[in-house]
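Asker: Encoded as structure tokens, here's the structure I'll be asking about.
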Amino acid sequence: MKKYEKPDYWSIKAKKEGYPARSVYKLQEMDEKFGLFSCASTVAEKPGLFKVLDLGAAPGSWSLYALRQGGKGIFILGVDPAPLSQNYDRGLFGGVRYGFLQGDMTAREIQEAVLAQGPFHLVMSDAAPGTTGNPGIDTLRSLVLAEAALEYADRILLKGGNFVVKVFQGGDTPRLLQGIRERFKTGRSFKPTACRKTSFETYYLGLDKKQPFSRPDHQ
Ligand SMILES: C[S@@+](CC[C@H](N)C(=O)[O-])C[C@H]1O[C@@H](n2cnc3c(N)ncnc32)[C@H](O)[C@@H]1O
């Protein structure tokens, strides 16, 4: 086992609490601090399910957290080229409150399939490229995914909805943050405690989207 993969405090806690990955504690901290699942009143007042798009969903900790937070009033659509882990979900991933598209979030057919299921109240992306060890390449690939996530938010997130995206620090990330600030009342970065000290990942948040989503057939 590589040193980096050695189970740490957060990985052990995740397994004990029924999550396949330690990443759940990053989402939990951001939710507790910024109220990701309780978005602005304009959205919350609308009847119906609270819908979440989870980009880079596998092995499934963020989706499980959302399912457990939202009870019967939530629907989550996960997207990932990798399969979900079914070791901890107790049937939740096979239920009516969960949908999964196995594929690349930047692929046209996946984009169309997601758009067909919108609009959403929360778009969250923990998607990360396989790392090469070359910071320039890894940062650029991460930025491509983060920009794709913001485009989803542009197109299918309701007015008042929230957005969270993982990004590797470096490169043109200030431009991404600027793009978030243009679209949301609040745009900021946040590095959760559960991020590995050696990791150069951080998260950008967009809270309370200013404009309705741009799909005319959903206005
Ligand atoms: C850190 S993991 C996500 C962990 C997940 N949030 C959880 O809590 O279980 C990053 C994920 O991004 C996915 N990913 C990488 N490239 C992607 C792409 N082009 N489209 C969608 N997902 C992608 C990877 O397959 C991987 O499962």
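Here, each number is a calculation from the coordinates, and none is a lab measurement. Here the structure is a predicted model, which is why all the values come from computation and not from measurement. No Cβ is skipped: glycine too gets one built from the backbone with ideal geometry, and neighbour counts run over all protein chains shown.
Asker: From the list 84, 92, which residue is farther than 18 Å from residue 213 by Cα and either of a type in the set (Val, Ile, Thr) or near the ligand (Cβ under 9 Å from one of its atoms) (or both)?
Answerer: On the way: 92 fails: either of a type in the set (Val, Ile, Thr) or near the ligand (Cβ under 9 Å from one of its atoms) (or both).
Just one listed residue meets the conditions, 84.
Conditions (1) more than 16 Å from the ligand (Cβ to nearest atom); (2) in contact with a helix residue (DSSP H, G or I) (Cβ under 6 Å, 6 or more places away or on another chain); (3) under 19 Å from residue 31 (Cα atoms); (4) outside any loop (DSSP other than H, G, I, E, B), marked per residue:
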| site | (1), (2), (3), (4) |
| --- | --- |
| 139 | no, no, no, yes |
| 145 | no, no, no, yes |
| 160 | yes, yes, yes, yes |
| 167 | no, yes, yes, yes |
| 171 | yes, yes, no, no |
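Asker: Can you name the residue in the range 105-138 that is touching a residue at least 12 places away in the same chain (Cβ under 8 Å), within 18 Å of the chain's Cα centre (by Cα) and more than 26 Å from residue 38 (Cβ to Cβ) and, of all such residues, is surrounded by the most Cβ atoms within 10 Å (Cβ to Cβ)?
Answerer: 111
Asker: Would the range 100-117 turn up any residue that is in contact with a Ser or Thr (Cβ under 7 Å, 6 or more places away or on another chain) and part of a loop (DSSP other than H, G, I, E, B)?
Answerer: No, there is no match, as no residue in the range 100-117 is in contact with a Ser or Thr (Cβ under 7 Å, 6 or more places away or on another chain) and part of a loop (DSSP other than H, G, I, E, B).
Asker: List the pairs whose first member sits in the range 156-168 and is polar (S, T, N, Q), whose second member is in a helix (DSSP H, G or I), and whose Cβ atoms are under 8 Å apart, counting only residues at least 6 apart or on separate chains?
Answerer: Matching pairs, first to second residue: 162/34.
Asker: Another one. Take the conditions within 16 Å of residue 202 (Cα to Cα), surrounded by fewer than 20 Cβ atoms within 10 Å (Cβ to Cβ) and in contact (Cβ under 8 Å) with a residue 60 or more places away in the chain and apply them to residue 174. Does it pass? Spell out the reasoning first.
Answerer: Details: within 16 Å of residue 202 (Cα to Cα): yes; surrounded by fewer than 20 Cβ atoms within 10 Å (Cβ to Cβ): yes; in contact (Cβ under 8 Å) with a residue 60 or more places away in the chain: no.
Criteria not met by residue 174.
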